[in-house]
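Quick notes on the structure that follows.
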Amino acid sequence: AKLASHVAHEVRNPLSSIMLNTELLEEEAAKCECEHATEAAALIVSIKQEAERLQHLTDEYLAFARPPRPATAHQSLNAVAEELAHLVREEARRSGITVETRLSHGCPCALIDPHQIKQAALNLVRNAMQAMPEGGTLEILSTRRRRSRLGYGQFAEVRFRDTGIGIPRDRLKKLFIPFYTTKQKGTGLGLAISHRIVNQHGGTIEVRSQAGSGATFTILLPVEADAYASYAEGRKSVPPGT
């Protein structure tokens, strides 16, 4: 983790410089009327895209290597879900995906850092969108207060249900393992980061899926401080993806 953090930090500064200078070069190329201007502009766009991808990679490595401690308070999961839906709706529309929200008025506030939980949920949502290359529907649902299967306190839950390609049974238990990915350009850190964030909040993520029938990811988060302490202090381990 320390090595990943150091490398990502060292890459960030020169990468920022590359991106800035590429943007300046793009502006200059737009003014150029020479014979190869169109070809040059296409090359610059390609450089920008790869630099942005590298920036995303370094951000993920840093998030995994140096996770901040959550600053928890009782917050509305419905508010987090609504912000998330607003954030991804246009991106989803361009991919032929409809985002629907079904938020329960009875969903209690949970003990969370809303910024971190939104990041964890965003990783799950983007994973769901990638599982629908031909388009589909993504449902974001918040539900009732619920008791943990391990018997420690009350939990609130928010679910993300897609109509995508589903997840084969043999991959379900590997989803949250760092660096495990089936995508050509994936880091294998998005879901691992989500699981770590939720686990630090004393919660867990459940997954239900089978190949060809979509997937449902459920984030469970503690409502009371005693439930949070029971998990966060490690008195009970929370199995990922059960």
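The values are calculated or read from the model by the stated rules, or taken from the named source; none is laboratory data. Bear in mind that the values here come from a model prediction, so they are computed numbers and not experimental data. Methodologically, a virtual Cβ is constructed for each residue, glycine included, from the backbone with ideal geometry; neighbour enumeration extends over all protein chains shown. Keep in mind that these areas ignore ligands, DNA and RNA; they rest on the heavy atoms of the full protein, side chains included. Shrake-Rupley method; radii C 1.70, N 1.55, O 1.52, S 1.80 Å.
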Under 6 Å by Cβ, and 6 or more places apart or on different chains, what pairs join a residue from the range 95-109 that is in contact (Cβ under 8 Å) with a residue 60 or more places away in the chain with one that is crowded, with 16+ Cβ neighbours inside 10 Å?
-> Pro108/Ala156; Pro108/Val223; Cys109/Gln75; Cys109/Ser76
Tell me, please, whether a residue that is more than 22 Å from Ile197 (Cα to Cα), among the small types (Gly, Ala, Ser), out of contact with any Pro (no Cβ under 6 Å at 6 or more places or on another chain) and at pLDDT 85 or above can be found in the range 158-165.
-> yes
Could you grab me the full set of residues in the range 1-16 that are exposed (fewer than 10 other Cβ atoms within 10 Å of the Cβ) and at pLDDT 75 or above?
-> Pro14
Does at least one position in the range 173-181 carry a residue that is modelled with pLDDT of 90 or more and buried (at least 17 other Cβ atoms within 10 Å of the Cβ)?
-> no
Going through (1) under 16 Å from the mean Cα position of the chain (by Cα); (2) open to solvent by less than 20 Å² (accessible area, probe 1.4 Å) one by one, Ile97 fails only at (1)
Failed condition for Pro70, given (1) under 21 Å from Arg161 (Cα atoms); (2) part of a loop (DSSP other than H, G, I, E, B) | (1)
